[in-house]
Every structure is written in C-alpha cells, then in structure tokens.
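Let me begin by presenting the structure, written as structure tokens, before commenting on it.
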Amino acid sequence: MPVDIVMRSYNDMPLVVETLDGIGRQAGPFARLSVFDNASSDGTEETVRAVGARVFEVPQGEYVPGKVLNRAMRETDSPIVVFVNSDCTPVDDDWLRPLLAGFEDDSVAAVFGRQMAREDCRPLFVKDTEATYGDGALQANWRHCFSMASSAVRRSVWEKIPFDEDLGYSEDIDWTWRVRQAGYAIRYVPESKVFHSHNYSLKQYYRRQYGEGRAEAEIFSWTAWQTSCVRYSLLPLGRLVLSDWRYCLRHGHLATIVYAPILRTAGMLGRRRGFRLGLREKNAAESRKEAVR
C-alpha cells in the first residue's frame with residue numbers, strides 16, 4: 001500500500017537535492033511527498049516545490065517540533081507515515097522497504113533506520129553516529145533510543161497518543177517512550193540506511209546537549225543518585241573521553257585526542273545546565289498540580 005512521506009526542511013541546499021533523488025529511486029510505492037519548510041532562504045523550498053511536493057510553510061520563529069509532527073499526521077492519511085529530514089540522504093534504493101517491513105507485527109508503533117556519517121564528518125561525530133546506530137548492539141543496552149530523522153509511525157497509535165507540543169527538543173524520544181509505556185514496541189532496522197551527520201562547533205554542541213538534557217529531565221523519572229553531578233555528569237564524561245581516546249588511537253586520529261576532552265566537557269556542561277533547569281520546571285509543574293488538587 002502506498003504511504004505518505006513527510007520531510008522537514010530548513011536551509012539544506014544542496015543536500016536536499018540528494019535526498020529528493022534518493023527518495024525518487026525507492027522501489028517501494030509512496031502516495032505523495034509532503035514538506036514542512038521552516039522559512040528556508042537558500043532555495044530549499046523552491047527545490048522541493050519543483051519536484052511536485054506539497055509544501056506547508058512554517059513561519060520563522062514558529063517551529064515547534066511536536067506541533068509540526070502532529071500537523072503532518074493530520075495532513076496525511078496513510079496507515080503508516082514515513083518521516084525523513086531534508087538532510088538525510090538514502091544510501092541506496094532500498095531505504096523505504098525495511099522501514100515498512102518493520103510493521104509486520106501489529107504491536108510496533110514506530111520504526112527507525114540507521115544513520116551513517118558523511119565523508120566530511122569529523123572523527124568524534126563519526127564515532128557518535130556509529131555508537132548510536134551501527135548494528136544496534138550498543139543502543140540495545142540503553143534505556144531508550146529513537147530518531148525521527150529517518151523513521152515511520154503507525155497512525156492508529158498516534159491517534160491515541162499524539163506528540164507533545166510543548167517540548168522544544170527530543171519530541172521523538174518523548175513520544176516513543178510514552179508509547180512504549182503504553183505497551184507498544186519500537187523497532188530499529190539497520191538495513192534502512194541514510195547519510196546524516198553534523199560537524200558541531202563547541203557552541204552548537206553545547207546548545208544541543210543543553211536542549212536534550214532539559215527534555216530528558218522532563219521525559220524520564222529519576223532517583224536522587226541518578227540526578228547527582230557524579231552520576232549524571234562526571235562519570236559519563238570520564239567514560240566518554242576514555243572511549244574517545246581509544247577510538248582515536250585505534251583509527252589514527254592523534255590530533256583529535258587533545259580536542260576530545262574539550263568537546264565533551266562543553267557537552268557535559270550544556271547537558272547538566274539543561275537537565276537542572278528541566279528538573280526545576282518539572283518539579284514546579286508537579287507542585288502546581290498538587291496545589292490544584
């Protein structure tokens with residue numbers, strides 16, 4: 001059955017051209033491509049219009065991930081809706097099929113595919129990409145893992161549990177975590193592959209970790225030990241830098257050894273700050289609820 005494909009875009013020239021070409025080469029049928037563009041100014045919007053996609057404009061400053069995803073589900077009608085970011089380029093013509101095949105079991109609410117680093121990706125971000133995705137062995141030991149960047153969602157589950165429209169980050173983690181708690185399954189299909197990676201500056205890495213830490217505080221439950229600086233920040237920092245050093249030595253990235261603790265410390269500080277703010281906001285919200293009762 002043909003499916004809707006939804007793309008979210010923002011100033012992704014020329015990568016969006018590669019992504020559109022990759023989508024066009026898929027063997028599996030799709031009903032239509034719908035693009036939610038966040039006020040691109042580099043020709044991205046014109047490029048997706050040129051291939052016949054339906055374009056929904058999201059004004060500058062009004063992009064809220066959960067709101068856009070909920071609207072995307074309302075504007076489409078296929079039982080399974082596929083999502084792909086405009087900078088996620090299918091590696092081959094077999095990207096779509098594995099995503100759809102992942103729904104053979106009715107208990108599966110969402111499926112996500114493998115992301116692979118591009119050729120220009122710097123060593124530590126290559127490492128992060130492979131650690132998060134790869135064959136899925138590492139993520140299987142984590143509390144939770146998901147990415148909307150290359151994924152598919154079952155409509156019937158979304159109709160019962162929509163995306164949170166208040167979160168500014170990690171709306172995909174929040175949604176899939178909630179549906180898991182409701183008894184549904186989330187499936188990773190490494191056979192579905194896209195090229196997707198970023199070379200963050202220190203400031204960008206700090207900001208991303210800040211946003212994810214803030215959202216993480218809200219999404220999950222925490223014990224006092226888990227929220228402590230030692231458990232949440234210092235121990236993960238030490239393990240991450242040590243693994244970075246082993247990776248750099250193994251692959252000959254000697255110059256990166258010095259940069260690793262700088263990057264990871266920036267990330268730790270950002271995530272810790274965001275996490276503490278998120279906890280305060282969560283506790284304040286819970287206090288207000290108690291007061292109403």
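Structural remarks
- Candidates Trp177, Trp225, filtered to the one that is free of Cβ contacts under 8 Å to residues at least 40 places away in the same chain and either at negative phi or touching an Asp or Glu at 6+ places or on another chain (Cβ under 8 Å) (or both): Trp225
- Ala131 vs. criteria open to solvent by less than 40 Å² (accessible area, probe 1.4 Å), assigned to a helix (DSSP H, G or I) and out of contact with any helix residue (DSSP H, G or I) (no Cβ under 9 Å at 6 or more places or on another chain): no
- In the set (1) of a type in the set (Val, Ile, Thr); (2) touching a residue at least 40 places away in the same chain (Cβ under 8 Å); (3) more than 30 Å from Pro90 (Cα to Cα), the condition left unmet by Val230 is number (2).
- Candidate set: the stretch 18-31, residues that are touching an Asp or Glu at 6+ places or on another chain (Cβ under 9 Å) and not charged (D, E, K, R); chosen: the one surrounded by the fewest Cβ atoms within 10 Å (Cβ to Cβ): Ala27
- Set Arg271, Arg239, Arg250, Arg264: member being charged (D, E, K, R), modelled with pLDDT of 95 or more and open to solvent by less than 50 Å² (accessible area, probe 1.4 Å): Arg264
- Which listed residue is farther than 18 Å from Leu99 by Cα and buried (at least 17 other Cβ atoms within 10 Å of the Cβ), from Glu75, Glu45: Glu45
- Against the list (1) closer than 20 Å to Asp174 by Cα; (2) of a type in the set (A, V, I, L, M, F, W, C); (3) in contact with a Ser or Thr (Cβ under 7 Å, 6 or more places away or on another chain); (4) open to solvent by 20 Å² or more (accessible area, probe 1.4 Å), the condition Leu15 fails is (1).
- Taking the stretch 136-167 as the range and being loosely packed, with under 13 Cβ neighbours inside 10 Å, at pLDDT 95 or above and of a type in the set (S, T, N, Q) as the test, only Ser156 passes.
The values are calculated or read from the model by the stated rules, or taken from the named source; none is laboratory data. Since this is a predicted model, take the numbers as computed values, not measurements. Here the Cβ is made from the backbone with ideal geometry for all residues, glycine too, and neighbour counts use every protein chain on show. The area values use the complete protein model at the heavy-atom level, side chains included, leaving out ligands, DNA and RNA. Shrake-Rupley method; radii C 1.70, N 1.55, O 1.52, S 1.80 Å.
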